[in-house]
1. What does the charge count near residue A:83 come to, summing +1 for each Lys or Arg and -1 for each Asp or Glu among other residues with Cβ under 13 Å from its Cβ?
2. What are the ³J(HN,Hα) couplings of the range A:191-207, residue after residue, when phi is run through the Karplus curve with 6.51, -1.76, 1.60 and θ = phi - 60°? Round to Hz, x for glycine and proline.
3. By the scheme Lys and Arg +1, Asp and Glu -1, what is the net charge of all other residues having a beta-carbon under 13 Å from that of residue B:62?
4. Which residues' amide hydrogens lie under 5 Å from the amide hydrogen of residue A:3, considering only partners 5 or more residues apart or on another chain, with H built in the peptide plane?
5. Where does the charge balance sit around residue B:100 when Lys and Arg score +1, Asp and Glu -1, over other residues with C-beta under 10 Å from its C-beta?
6. For a Förster distance of 45 Å, can you work out the FRET efficiency between the beta-carbons of residue A:23 and residue B:58, rounded to the nearest 0.05?
7. Beyond 25 Å between alpha-carbons counts as too far, so tell me which of A:42/A:216; A:42/A:149; A:21/A:217; A:149/B:30 fall in that bin.
8. Can you list the residues, at least 5 places off or on another chain, whose amide H is less than 5 Å from the amide H of residue A:66, using H built in the peptide plane?
Amino acid sequence: MQIPVVRNILEANARVSDDLKTLFAQKGILALNLMSSPGAGKTTLLERTLTDLASEFSMAVIEGDLQTDNDAQRVAATGAQAVQINTEGGCHLTSAQVLAACKELSLDGLDILFIENVGNLVCPAEFDVGEDHKITLLSVTEGDDKPEKYPLMFNISSALVLNKTDLLPYVDFSLERASNFARGLNADIRIFPVSCRAREGLDAWYDWLRAARAAKKR
Amino acid sequence: MHELSIAQSLLAIIREEMQKHGSPRLISVKVRHGRLSAIVPDALAMSFEALTMDTALAGARLDTEEIPLVLACRACGTKFSPESSDYVFAPCPACGEELGHTVVSGKELYIEYLELDEAQGT
Ligand SMILES: Nc1nc2c(ncn2[C@@H]2O[C@H](COP(=O)(O)OP(=O)(O)O)[C@@H](O)[C@H]2O)c(=O)[nH]1
Ligand SMILES: [Mg+2]
Ligand SMILES: [Zn+2]
(Lines give C-alpha, C1' and ligand atoms only; values in the text may rest on other atoms or scores of the structure.)
(Ligands and ions follow the chains in the order given, each with its own letter.)
Protein backbone atom coordinates (compact mmCIF):
# COMPACT_ATOMS: atom_id res chain seq x y z
CA MET A 1 0.00 0.00 0.00
CA GLN A 2 1.35 3.39 -1.03
CA ILE A 3 0.69 6.26 1.33
CA PRO A 4 1.12 9.84 0.18
CA VAL A 5 2.85 11.65 3.00
CA VAL A 6 4.27 14.94 1.72
CA ARG A 7 5.98 15.97 4.91
CA ASN A 8 8.97 18.26 5.14
CA ILE A 9 11.81 16.10 6.41
CA LEU A 10 13.15 18.90 8.57
CA GLU A 11 9.73 19.67 10.10
CA ALA A 12 10.88 18.86 13.63
CA ASN A 13 13.63 21.45 13.37
CA ALA A 14 11.24 23.92 11.75
CA ARG A 15 8.70 23.48 14.55
CA VAL A 16 11.17 24.33 17.30
CA SER A 17 12.49 27.17 15.16
CA ASP A 18 8.95 28.59 15.02
CA ASP A 19 8.72 28.27 18.82
CA LEU A 20 11.96 30.21 19.12
CA LYS A 21 10.63 32.88 16.76
CA THR A 22 7.59 33.27 19.00
CA LEU A 23 9.80 33.47 22.09
CA PHE A 24 12.05 36.10 20.50
CA ALA A 25 9.02 38.06 19.31
CA GLN A 26 7.53 38.06 22.81
CA LYS A 27 10.78 39.27 24.31
CA GLY A 28 11.43 41.70 21.45
CA ILE A 29 14.82 40.20 20.70
CA LEU A 30 16.49 40.52 17.31
CA ALA A 31 18.05 37.11 16.56
CA LEU A 32 20.81 36.77 13.97
CA ASN A 33 22.30 33.55 12.64
CA LEU A 34 25.95 33.99 11.59
CA MET A 35 27.29 31.50 9.09
CA SER A 36 30.59 31.07 7.24
CA SER A 37 33.42 28.69 6.47
CA PRO A 38 35.74 28.06 9.41
CA GLY A 39 38.03 31.02 10.05
CA ALA A 40 36.18 33.66 8.01
CA GLY A 41 35.99 35.87 11.09
CA LYS A 42 32.61 35.33 12.77
CA THR A 43 34.00 35.47 16.28
CA THR A 44 36.22 38.45 15.48
CA LEU A 45 33.25 40.34 13.99
CA LEU A 46 31.29 39.55 17.16
CA GLU A 47 34.13 40.76 19.39
CA ARG A 48 34.22 44.06 17.50
CA THR A 49 30.46 44.47 17.42
CA LEU A 50 29.93 43.58 21.08
CA THR A 51 32.62 46.05 22.09
CA ASP A 52 31.68 48.92 19.81
CA LEU A 53 27.93 48.76 20.44
CA ALA A 54 28.11 47.83 24.13
CA SER A 55 26.67 51.15 25.24
CA GLU A 56 23.81 51.00 22.74
CA PHE A 57 22.46 47.48 23.05
CA SER A 58 22.22 44.59 25.44
CA MET A 59 23.64 41.68 23.46
CA ALA A 60 24.27 37.96 23.97
CA VAL A 61 25.92 35.21 21.97
CA ILE A 62 25.13 31.56 21.50
CA GLU A 63 28.38 30.03 20.37
CA GLY A 64 28.08 26.94 18.18
CA ASP A 65 31.47 27.12 16.53
CA LEU A 66 33.81 24.52 17.92
CA GLN A 67 36.74 25.11 15.57
CA THR A 68 38.34 26.85 18.47
CA ASP A 69 36.84 26.02 21.83
CA ASN A 70 37.62 29.43 23.27
CA ASP A 71 35.13 31.31 21.07
CA ALA A 72 32.67 31.64 23.96
CA GLN A 73 35.46 32.97 26.20
CA ARG A 74 36.54 35.42 23.50
CA VAL A 75 33.07 36.92 23.21
CA ALA A 76 32.45 36.78 26.97
CA ALA A 77 35.61 38.87 27.42
CA THR A 78 33.69 41.79 25.87
CA GLY A 79 31.25 41.65 28.77
CA ALA A 80 28.39 40.10 26.78
CA GLN A 81 26.54 37.01 27.94
CA ALA A 82 27.81 33.93 26.11
CA VAL A 83 26.81 30.28 26.07
CA GLN A 84 28.80 27.58 24.33
CA ILE A 85 26.88 24.78 22.63
CA ASN A 86 28.64 21.47 22.35
CA THR A 87 27.64 20.37 18.86
CA GLU A 88 29.38 17.01 19.32
CA GLY A 89 30.89 17.07 15.87
CA GLY A 90 27.62 18.11 14.19
CA CYS A 91 27.98 20.18 11.05
CA HIS A 92 25.24 22.71 11.91
CA LEU A 93 23.26 24.01 14.85
CA THR A 94 19.74 22.71 15.35
CA SER A 95 16.84 24.72 16.72
CA ALA A 96 16.63 22.33 19.71
CA GLN A 97 20.24 23.13 20.65
CA VAL A 98 19.55 26.85 20.41
CA LEU A 99 16.42 26.47 22.55
CA ALA A 100 18.44 24.64 25.20
CA ALA A 101 21.10 27.35 25.11
CA CYS A 102 18.44 30.06 25.50
CA LYS A 103 17.49 28.54 28.84
CA GLU A 104 20.96 29.36 30.10
CA LEU A 105 20.70 33.01 29.07
CA SER A 106 18.74 35.74 30.72
CA LEU A 107 16.65 36.96 27.83
CA ASP A 108 14.79 39.78 29.56
CA GLY A 109 15.88 43.15 28.26
CA LEU A 110 18.06 41.62 25.59
CA ASP A 111 18.21 43.62 22.33
CA ILE A 112 20.23 41.38 20.05
CA LEU A 113 21.03 37.68 20.20
CA PHE A 114 23.84 36.50 17.92
CA ILE A 115 23.99 32.81 17.08
CA GLU A 116 27.43 31.82 15.76
CA ASN A 117 26.83 28.69 13.69
CA VAL A 118 29.25 25.86 13.00
CA GLY A 119 31.86 26.78 10.38
CA ASN A 120 30.31 25.33 7.22
CA LEU A 121 28.68 26.86 4.13
CA VAL A 122 26.37 23.96 3.28
CA CYS A 123 24.55 22.39 6.19
CA PRO A 124 23.52 25.39 8.34
CA ALA A 125 21.56 26.73 5.37
CA GLU A 126 18.93 24.00 5.81
CA PHE A 127 18.36 24.45 9.53
CA ASP A 128 16.51 27.52 10.80
CA VAL A 129 17.20 28.36 14.41
CA GLY A 130 14.51 30.97 15.08
CA GLU A 131 16.51 33.82 13.59
CA ASP A 132 15.14 37.02 12.06
CA HIS A 133 18.03 37.15 9.61
CA LYS A 134 20.75 34.91 8.33
CA ILE A 135 24.10 36.60 7.85
CA THR A 136 26.87 35.03 5.82
CA LEU A 137 30.52 35.96 6.21
CA LEU A 138 33.02 35.39 3.48
CA SER A 139 36.68 36.30 3.85
CA VAL A 140 38.65 37.53 0.87
CA THR A 141 41.11 34.66 1.31
CA GLU A 142 38.42 32.17 0.31
CA GLY A 143 37.86 32.97 -3.35
CA ASP A 144 35.20 35.21 -4.85
CA ASP A 145 33.30 32.31 -6.43
CA LYS A 146 32.02 30.93 -3.11
CA PRO A 147 28.54 32.43 -3.60
CA GLU A 148 28.33 30.59 -6.90
CA LYS A 149 29.33 27.31 -5.29
CA TYR A 150 26.99 27.59 -2.32
CA PRO A 151 23.96 29.37 -3.80
CA LEU A 152 21.44 28.38 -1.13
CA MET A 153 23.43 29.96 1.69
CA PHE A 154 23.69 33.28 -0.14
CA ASN A 155 20.13 33.08 -1.44
CA ILE A 156 18.63 33.00 2.04
CA SER A 157 20.93 35.51 3.75
CA SER A 158 19.85 39.09 4.38
CA ALA A 159 23.41 40.32 4.60
CA LEU A 160 26.84 39.32 3.37
CA VAL A 161 29.89 40.51 5.27
CA LEU A 162 33.04 40.37 3.13
CA ASN A 163 35.77 40.26 5.77
CA LYS A 164 39.56 40.71 5.77
CA THR A 165 39.59 43.47 3.16
CA ASP A 166 43.02 44.41 4.61
CA LEU A 167 44.31 41.34 2.75
CA LEU A 168 42.89 42.36 -0.65
CA PRO A 169 46.28 43.48 -2.01
CA TYR A 170 47.68 39.99 -1.43
CA VAL A 171 44.91 37.81 -2.78
CA ASP A 172 43.11 37.34 -6.07
CA PHE A 173 39.66 38.36 -4.90
CA SER A 174 37.31 40.79 -6.60
CA LEU A 175 34.76 42.43 -4.32
CA GLU A 176 32.69 43.20 -7.38
CA ARG A 177 32.71 39.62 -8.64
CA ALA A 178 31.75 38.27 -5.21
CA SER A 179 28.99 40.86 -4.88
CA ASN A 180 27.62 40.07 -8.32
CA PHE A 181 27.59 36.35 -7.61
CA ALA A 182 25.81 36.96 -4.33
CA ARG A 183 23.23 39.18 -6.04
CA GLY A 184 22.72 36.62 -8.77
CA LEU A 185 20.15 34.73 -6.73
CA ASN A 186 19.43 37.39 -4.14
CA ALA A 187 18.82 40.85 -5.48
CA ASP A 188 18.15 42.24 -2.00
CA ILE A 189 21.22 40.99 -0.15
CA ARG A 190 23.08 43.78 1.67
CA ILE A 191 26.83 43.58 1.25
CA PHE A 192 29.36 44.94 3.73
CA PRO A 193 33.08 44.83 2.89
CA VAL A 194 34.90 45.09 6.23
CA SER A 195 38.22 44.49 7.86
CA CYS A 196 37.74 43.44 11.45
CA ARG A 197 41.49 43.70 11.89
CA ALA A 198 41.90 47.21 10.48
CA ARG A 199 38.47 48.21 11.81
CA GLU A 200 37.31 49.39 8.42
CA GLY A 201 33.80 49.30 7.00
CA LEU A 202 32.21 48.35 10.30
CA ASP A 203 30.04 51.46 10.54
CA ALA A 204 27.86 50.39 7.63
CA TRP A 205 27.40 46.99 9.30
CA TYR A 206 26.49 48.70 12.59
CA ASP A 207 23.97 50.92 10.82
CA TRP A 208 22.35 47.84 9.33
CA LEU A 209 22.19 46.27 12.81
CA ARG A 210 20.59 49.42 14.23
CA ALA A 211 17.98 49.43 11.47
CA ALA A 212 17.24 45.73 11.90
CA ARG A 213 16.98 46.25 15.66
CA ALA A 214 14.62 49.19 15.19
CA ALA A 215 12.45 47.19 12.78
CA LYS A 216 11.92 44.57 15.49
CA LYS A 217 9.57 46.39 17.83
CA ARG A 218 9.23 45.50 21.46
CA MET B 1 27.63 15.75 5.69
CA HIS B 2 24.22 16.82 6.93
CA GLU B 3 22.75 13.74 5.28
CA LEU B 4 23.10 11.85 8.56
CA SER B 5 20.89 14.23 10.50
CA ILE B 6 18.49 14.40 7.56
CA ALA B 7 18.28 10.58 7.59
CA GLN B 8 17.54 10.71 11.33
CA SER B 9 14.68 13.15 10.79
CA LEU B 10 13.45 11.06 7.89
CA LEU B 11 13.34 7.93 10.04
CA ALA B 12 11.50 9.68 12.84
CA ILE B 13 8.73 10.64 10.41
CA ILE B 14 8.66 7.16 8.85
CA ARG B 15 8.25 5.49 12.26
CA GLU B 16 5.45 7.89 13.15
CA GLU B 17 3.60 7.23 9.88
CA MET B 18 4.02 3.47 10.20
CA GLN B 19 2.54 3.55 13.66
CA LYS B 20 -0.31 5.74 12.46
CA HIS B 21 -1.13 3.24 9.70
CA GLY B 22 -0.45 0.18 11.84
CA SER B 23 2.05 -1.19 9.37
CA PRO B 24 4.83 -3.47 10.56
CA ARG B 25 7.04 -3.16 7.49
CA LEU B 26 8.39 -0.42 5.27
CA ILE B 27 8.96 -1.43 1.67
CA SER B 28 10.18 1.88 0.31
CA VAL B 29 10.20 5.61 0.88
CA LYS B 30 10.32 8.32 -1.76
CA VAL B 31 12.19 11.53 -1.00
CA ARG B 32 12.23 14.57 -3.26
CA HIS B 33 14.97 17.15 -2.89
CA GLY B 34 15.44 20.47 -4.63
CA ARG B 35 18.56 21.06 -6.68
CA LEU B 36 19.66 23.83 -4.29
CA SER B 37 19.24 21.73 -1.16
CA ALA B 38 22.69 20.18 -1.58
CA ILE B 39 21.61 16.64 -0.80
CA VAL B 40 24.00 14.00 -2.07
CA PRO B 41 21.70 11.00 -2.77
CA ASP B 42 24.49 8.46 -2.19
CA ALA B 43 25.38 9.98 1.16
CA LEU B 44 21.72 9.99 2.17
CA ALA B 45 21.37 6.34 1.08
CA MET B 46 24.44 5.40 3.10
CA SER B 47 23.16 7.17 6.21
CA PHE B 48 19.73 5.61 5.76
CA GLU B 49 21.26 2.16 5.47
CA ALA B 50 23.53 2.64 8.47
CA LEU B 51 20.66 3.85 10.65
CA THR B 52 18.22 1.10 9.63
CA MET B 53 20.66 -1.80 9.81
CA ASP B 54 19.54 -4.34 12.41
CA THR B 55 16.24 -2.52 12.95
CA ALA B 56 12.70 -3.34 11.83
CA LEU B 57 13.31 -1.04 8.85
CA ALA B 58 16.33 -2.95 7.55
CA GLY B 59 16.15 -3.63 3.82
CA ALA B 60 13.69 -0.85 3.06
CA ARG B 61 14.37 0.98 -0.20
CA LEU B 62 15.12 4.68 -0.33
CA ASP B 63 14.23 6.36 -3.62
CA THR B 64 15.31 9.92 -4.23
CA GLU B 65 14.38 12.32 -6.99
CA GLU B 66 15.80 15.75 -7.60
CA ILE B 67 13.45 18.69 -8.15
CA PRO B 68 14.85 20.97 -10.84
CA LEU B 69 15.66 24.56 -10.15
CA VAL B 70 12.99 26.92 -11.50
CA LEU B 71 13.68 30.64 -11.47
CA ALA B 72 11.38 33.57 -12.16
CA CYS B 73 13.01 36.50 -13.92
CA ARG B 74 12.93 39.61 -11.80
CA ALA B 75 12.62 41.86 -14.83
CA CYS B 76 9.85 40.19 -16.85
CA GLY B 77 8.59 37.36 -14.63
CA THR B 78 9.32 34.60 -17.13
CA LYS B 79 9.80 31.25 -15.43
CA PHE B 80 12.68 29.13 -16.61
CA SER B 81 14.93 26.30 -15.58
CA PRO B 82 18.61 27.05 -16.16
CA GLU B 83 20.25 24.26 -18.10
CA SER B 84 23.88 24.67 -17.15
CA SER B 85 25.42 24.33 -13.74
CA ASP B 86 26.07 28.07 -13.93
CA TYR B 87 22.65 28.88 -12.52
CA VAL B 88 23.76 31.93 -10.60
CA PHE B 89 24.31 33.95 -13.73
CA ALA B 90 21.56 32.31 -15.70
CA PRO B 91 20.24 34.82 -18.22
CA CYS B 92 16.48 34.99 -18.65
CA PRO B 93 15.61 33.33 -21.98
CA ALA B 94 12.99 36.01 -22.67
CA CYS B 95 14.80 39.24 -21.82
CA GLY B 96 18.40 38.40 -20.96
CA GLU B 97 18.31 39.70 -17.36
CA GLU B 98 21.00 37.92 -15.33
CA LEU B 99 20.67 39.05 -11.73
CA GLY B 100 18.24 38.68 -8.88
CA HIS B 101 15.89 35.98 -10.13
CA THR B 102 13.64 34.46 -7.50
CA VAL B 103 13.68 30.77 -6.77
CA VAL B 104 10.28 29.25 -7.60
CA SER B 105 11.33 25.71 -6.81
CA GLY B 106 14.54 23.93 -5.99
CA LYS B 107 14.82 24.36 -2.21
CA GLU B 108 12.44 21.54 -1.23
CA LEU B 109 13.22 18.54 0.93
CA TYR B 110 10.26 16.30 1.65
CA ILE B 111 8.87 12.78 1.77
CA GLU B 112 6.48 12.19 -1.07
CA TYR B 113 5.14 8.77 -0.14
CA LEU B 114 5.77 5.61 1.82
CA GLU B 115 5.15 2.12 0.55
CA LEU B 116 4.01 0.03 3.49
CA ASP B 117 3.09 -3.58 4.03
CA GLU B 118 -0.54 -4.06 5.05
CA ALA B 119 -1.06 -4.43 8.76
CA GLN B 120 -0.91 -8.08 9.75
CA GLY B 121 -3.72 -9.86 11.57
CA THR B 122 -6.18 -7.72 13.52
N1 LIG C 1 43.87 39.79 8.26
C2 LIG C 1 42.70 39.67 8.90
N3 LIG C 1 42.51 38.62 9.72
C4 LIG C 1 41.32 38.52 10.36
C5 LIG C 1 40.29 39.47 10.19
N6 LIG C 1 39.23 39.10 10.95
C7 LIG C 1 39.58 37.94 11.55
N8 LIG C 1 40.85 37.59 11.22
C9 LIG C 1 41.60 36.43 11.69
O10 LIG C 1 41.05 35.25 11.13
C11 LIG C 1 41.19 34.17 12.03
C12 LIG C 1 39.84 33.48 12.26
O13 LIG C 1 38.96 34.38 12.88
P14 LIG C 1 37.69 33.90 13.74
O15 LIG C 1 36.97 35.13 14.14
O16 LIG C 1 38.12 32.98 14.82
O17 LIG C 1 36.88 33.09 12.63
P18 LIG C 1 35.56 32.17 12.79
O19 LIG C 1 36.03 30.76 12.72
O20 LIG C 1 34.68 32.52 11.61
O21 LIG C 1 34.91 32.52 14.10
C22 LIG C 1 41.76 34.75 13.32
O23 LIG C 1 43.14 34.50 13.35
C24 LIG C 1 41.48 36.23 13.17
O25 LIG C 1 42.43 37.03 13.87
C26 LIG C 1 40.55 40.59 9.32
O27 LIG C 1 39.72 41.48 9.10
N28 LIG C 1 41.75 40.62 8.70
MG1 LIG D 1 34.37 31.30 15.70
ZN1 LIG E 1 13.19 38.19 -18.19
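The values are calculated or read from the model by the stated rules, or taken from the named source; none is laboratory data. This one's a predicted model, so the numbers in the text were calculated from it and none came from an experiment. Heads up, the Cβs are rebuilt from the backbone with ideal geometry, glycines too, and the neighbour counts pull from every protein chain shown. Areas reflect the complete protein model, heavy atoms only, side chains present, ligands, DNA and RNA absent. Shrake-Rupley method; radii C 1.70, N 1.55, O 1.52, S 1.80 Å.
1. On the way: positive: A:103; negative: A:63, A:65, A:71, A:104, A:116.
Around residue A:83, the charge tally is -4.
2. Each residue of the range A:191-207 in turn: 10, 10, x, 9, 10, 5, 5, 7, 6, 10, x, 6, 4, 5, 4, 5, 5 Hz.
3. Working: positive: B:30, B:32, B:61; negative: B:3, B:42, B:49, B:63, B:65, B:112, B:115.
Taking every other residue near residue B:62 into account, the sum is -4.
4. B:114, B:115, B:116
5. Details: positive: A:183, B:74; negative: A:188, B:97, B:98.
Summing Lys and Arg as +1 and Asp and Glu as -1 gives -1.
6. 0.70
7. On the way: A:42/A:216 23 Å; A:42/A:149 20 Å; A:21/A:217 14 Å; A:149/B:30 27 Å.
The answer is A:149/B:30.
8. Here the answer is A:119, since their amide H atoms fall under 5 Å of that of residue A:66.
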